[in-house]
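A.B. asks: Handing you a structure now.
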Amino acid sequence: MHNLGLLFDVDGPLASPVTRTINVRSIVTDLVAIAAAGVPIAFITGRSGDFIRHQVVAPLLDAGLGDALEQQGARMFGVFEKGGAWAAITADGMGEVTVDESVAFSPEAVDGIRSLVRERFADTMFFDETKRAMISVEQRTDVESEVYKEAQPRFEDAAYDLLTGMGIGLRHGERSTPGADGTVPFRIDPTIISTDIESVLLDKDRGAQRAFEYFAERGPLPRRWRSVGDSRSDYKMADYVHDAGFEVAHVDVRPADGILDRPYEVITIGDAIHDDAGAEFLAHWRRELGLE
């Protein structure tokens, strides 16, 4: 077994933030080759299980992932909605998604945000019907980023007012409103292409922990890990690994947002960003592991 494990955010390092699909072919083939070599790989994302099944696992299977995961020591896992849902990925494909219902919204809250988007913001964004533990509203791919950026804060303010008006405890930036029970269990978390409304218990460190537990049940864990992401919250994957006592470095594929000060190494890939940087990272490790 190679002394390496990989934790990936999906949007940015693997999937283009513009098309929301894997556009760089070598990302697919390198992931398959590295998985076949026994390197445990987890996708830890805010995306839904349906998205990962169709946009990530399906092209990997087409490129030979089934055979790769039949190899001794090969392990792959998906954590979705920032830890609110998860599934094994095996030679047979992605398994049934398990959802942590304890962090999910009520149907009334979900319906309220769905209606808000449909009635006031459908020209710039859409309601993600595939989410099961969190609420996500995403930029339409036919809308320019600057147009979406203007609409996004207006949507977030409207969503905040709607949900707090329903007695749901919520925070957004500097604003915080306790719910009817006096607690604030949810937050609004904007990204460059979406707004997530989610439990405060959900984040990338929770996802990393779940992936480690899955991998540890199926074999020894490597001591050396790399996490890869484009958001500041993605550093939390490496935070978990570091705190668990493993060697880790985090690869930041959008460092212009600000490299965080951490007790482990933070790596950037020259001038490359997003999936171009992700492709270079994977190509490096395929060479390093002698898999060419």
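A.B. asks: Taking only pairs six or more apart or across chains, which ones have beta-carbon atoms under 8 Å, a first residue in region 163-183 that is free of Cβ contacts under 8 Å to residues at least 12 places away in the same chain, and a second residue that is of a type in the set (Gly, Ala, Ser)?
C.D. replies: Between residues of region 163-183 that are free of Cβ contacts under 8 Å to residues at least 12 places away in the same chain and residues that are of a type in the set (Gly, Ala, Ser), the close pairs are 178/169.
A.B. asks: When you scan region 225-252, how many residues do you find that are touching a Ser or Thr at 6+ places or on another chain (Cβ under 8 Å), of a type outside the set (Ser, Thr, Tyr) and over 27 Å from residue 1 (Cα atoms)?
C.D. replies: 0
A.B. asks: Please go through region 209-240 and give me each residue that is crowded, with 20+ Cβ neighbours inside 10 Å and outside any helix (DSSP H, G or I), ordered by number.
C.D. replies: Of everything in region 209-240, those that are crowded, with 20+ Cβ neighbours inside 10 Å and outside any helix (DSSP H, G or I) turn out to be 225, 226, 227, 228, 229, 230.
A.B. asks: For residues that are of a type outside the set (Gly, Ala, Ser) and assigned to a helix (DSSP H, G or I), tally how many sit in region 256-287. Reasoning before the result, please.
C.D. replies: Here is the first cut: in region 256-287, the ones of a type outside the set (Gly, Ala, Ser) are 257, 259-269, 271, 273-276, 280-282, 284-287.
Among the residues that remain, those that are also assigned to a helix (DSSP H, G or I) are: 257, 274-276, 280-282, 284-287.
Counting residues in region 256-287 that are of a type outside the set (Gly, Ala, Ser) and assigned to a helix (DSSP H, G or I) gives 11.
A.B. asks: With respect to the numbered conditions (1) free of Cβ contacts under 8 Å to residues at least 60 places away in the same chain; (2) within 21 Å of residue 215 (Cα to Cα); (3) in contact with a strand residue (DSSP E or B) (Cβ under 8 Å, 6 or more places away or on another chain), which one is the sole condition not fulfilled by residue 32?
C.D. replies: (3)
A.B. asks: Next up: Quick one: would you say residue 90 is under 30 Å from residue 59 (Cβ atoms), touching a Phe, Trp or Tyr at 6+ places or on another chain (Cβ under 7 Å) and hydroxyl-bearing (Ser, Thr, Tyr)? I'd like the intermediate steps shown before the answer.
C.D. replies: On the way: under 30 Å from residue 59 (Cβ atoms): yes; touching a Phe, Trp or Tyr at 6+ places or on another chain (Cβ under 7 Å): no; hydroxyl-bearing (Ser, Thr, Tyr): yes.
When the stated conditions are applied, residue 90 does not pass them.
A.B. asks: When the residues of region 130-174 are narrowed to those that are in a loop (DSSP other than H, G, I, E, B) and small (Gly, Ala, Ser), which ends up farthest from residue 80 (Cα to Cα)? Before you say what the answer is, go through the steps one by one.
C.D. replies: Filtering region 130-174 down to residues in a loop (DSSP other than H, G, I, E, B) leaves 130-134, 140-144, 166-169, 173-174.
Checking the rest, the ones that are also small (Gly, Ala, Ser) come to 133, 167, 169, 173.
Details: 133: 9, 167: 27, 169: 23, 173: 23 Å.
Of everything passing the filter in region 130-174, 167 is farthest from residue 80 (Cα to Cα).
A.B. asks: I've got another one for you. Can you name every residue in region 67-97 that is loosely packed, with under 14 Cβ neighbours inside 10 Å, modelled with pLDDT of 95 or more and under 19 Å from residue 6 (Cα atoms)?
C.D. replies: 70, 71
A.B. asks: From the list 124, 19, which one is outside the structural domain of residue 157 (by TED's automatic domain parsing), more than 20 Å from residue 213 (Cα to Cα) and among the polar types (S, T, N, Q)?
C.D. replies: Working: 124 fails: outside the structural domain of residue 157 (by TED's automatic domain parsing).
Just a single option satisfies the conditions, and that option is 19.
A.B. asks: Of the residues in region 42-75, how many are closer than 16 Å to residue 96 by Cα, part of a loop (DSSP other than H, G, I, E, B) and of a type in the set (D, E, K, R)?
C.D. replies: Residues flagged as closer than 16 Å to residue 96 by Cα, part of a loop (DSSP other than H, G, I, E, B) and of a type in the set (D, E, K, R) within region 42-75 amount to 1.
A.B. asks: Further question: Could you pull out the residue among 213, 217, 265 that is acidic (Asp, Glu) and either in contact with a strand residue (DSSP E or B) (Cβ under 8 Å, 6 or more places away or on another chain) or more than 23 Å from residue 2 (Cα to Cα) (or both)?
C.D. replies: Values: 213 fails: either in contact with a strand residue (DSSP E or B) (Cβ under 8 Å, 6 or more places away or on another chain) or more than 23 Å from residue 2 (Cα to Cα) (or both); 217 fails: either in contact with a strand residue (DSSP E or B) (Cβ under 8 Å, 6 or more places away or on another chain) or more than 23 Å from residue 2 (Cα to Cα) (or both).
Step by step, each of 213, 217, 265 is checked, and only 265 is acidic (Asp, Glu) and either in contact with a strand residue (DSSP E or B) (Cβ under 8 Å, 6 or more places away or on another chain) or more than 23 Å from residue 2 (Cα to Cα) (or both).
A.B. asks: Kindly indicate whether any position in region 98-120 is free of Cβ contacts under 8 Å to residues at least 40 places away in the same chain, surrounded by fewer than 19 Cβ atoms within 10 Å (Cβ to Cβ), farther than 30 Å from residue 177 by Cβ and of a type outside the set (Gly, Ala, Ser).
C.D. replies: So far as region 98-120 goes, yes, one or more of its residues are free of Cβ contacts under 8 Å to residues at least 40 places away in the same chain, surrounded by fewer than 19 Cβ atoms within 10 Å (Cβ to Cβ), farther than 30 Å from residue 177 by Cβ and of a type outside the set (Gly, Ala, Ser).
A.B. asks: Moving on. Can you tell me which residues in region 186-204 are outside any strand (DSSP E or B) and touching a residue at least 60 places away in the same chain (Cβ under 8 Å)? Outline the logic, then answer.
C.D. replies: First, pick out the residues of region 186-204 that are outside any strand (DSSP E or B): 191-193, 200-204.
Within region 186-204, 191, 192, 193, 201, 202, 203, 204 meet the criteria.
A.B. asks: From the residues in region 22-41 that are crowded, with 20+ Cβ neighbours inside 10 Å and assigned to a loop (DSSP other than H, G, I, E, B), which one is nearest to the chain's Cα centre (by Cα)?
C.D. replies: Result: 22.
A.B. asks: Now for a separate question. Could we say that residue 243 is surrounded by fewer than 22 Cβ atoms within 10 Å (Cβ to Cβ), under 19 Å from the mean Cα position of the chain (by Cα) and either acidic (Asp, Glu) or not assigned by TED's automatic domain parsing to the domain that holds residue 22 (or both) here?
C.D. replies: Here the answer is no, as residue 243 does not meet what is asked.
The values are calculated or read from the model by the stated rules, or taken from the named source; none is laboratory data. These numbers come from a predicted model, not from an experiment. Every residue, glycine among them, receives a Cβ derived from its backbone with ideal geometry; neighbour counts consider all protein chains shown.
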